[in-house]
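The block underneath contains the structure these notes are about, expressed in C-alpha cells.
The values are calculated or read from the model by the stated rules, or taken from the named source; none is laboratory data. Please read all numbers here as calculations on a predicted model, not as lab measurements. All Cβ positions, glycine included, derive from the backbone under ideal geometry; neighbour counts span all protein chains shown. For accessibility, only protein heavy atoms count, side chains too; no ligands or nucleic acids. Shrake-Rupley method; radii C 1.70, N 1.55, O 1.52, S 1.80 Å.
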Amino acid sequence: IISLFLIFSKQSERIILKKIKEKKKSKTYDLSSFKPEEKKVFNIVKEEKTIFQADLIEKSGFGKVKVSRILDKLEGNNFVERKRRGMTNVVVLKE
C-alpha cells in the first residue's frame, strides 16, 4: 500500500510542475536595489521558470542559508514563490 502511494504521489508532482511551466506571461522586474548575488539567483529562476531549491543551490554555487535568505527577499518583493514539495521546495517565478 505504501509503495503504491509513493508511486502515485510522484506523478502528481510532475503534473503540477508541468502546469506551472505552461503559464506564460511577461512581467518587468526592477532589480536595481538588489545585490549581484540576488540578481544571479533571480536570473537562474527566471531562465528556468520553475526549479527545485536544491538545484538552485547547485547552479548558483552559494550555500543553503544564503540561497534561502535571498529567496526570502525575492519572495518578499513578490518576484518568486516557494512551494513545499516533499523534503524540498519548488521555486516558481511569479508572473
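For region 86-95, enumerate the residues that are open to solvent by less than 60 Å² (accessible area, probe 1.4 Å) and out of contact with any strand residue (DSSP E or B) (no Cβ under 8 Å at 6 or more places or on another chain).
Scanning region 86-95 gives a single hit, 86.
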Original post:
Of all residues in region 86-95, how many are free of Cβ contacts under 8 Å to residues at least 40 places away in the same chain and part of a strand (DSSP E or B)?
Top reply: 2
Subject >> Top-ranked residue in region 18-55 [being touching a strand residue (DSSP E or B) at 6+ places or on another chain (Cβ under 6 Å) and of a type outside the set (Lys, Arg); ranked as modelled with the lowest pLDDT] >> reply: 20
Subject >> Tabulated pairs, region 58-78, first more than 18 Å from residue 92 (Cβ to Cβ), second surrounded by 10 or more Cβ atoms within 10 Å (Cβ to Cβ), C-beta under 8 angstrom, 6+ apart or interchain >> reply: 62/37; 62/41; 62/70; 63/57; 64/57; 66/37
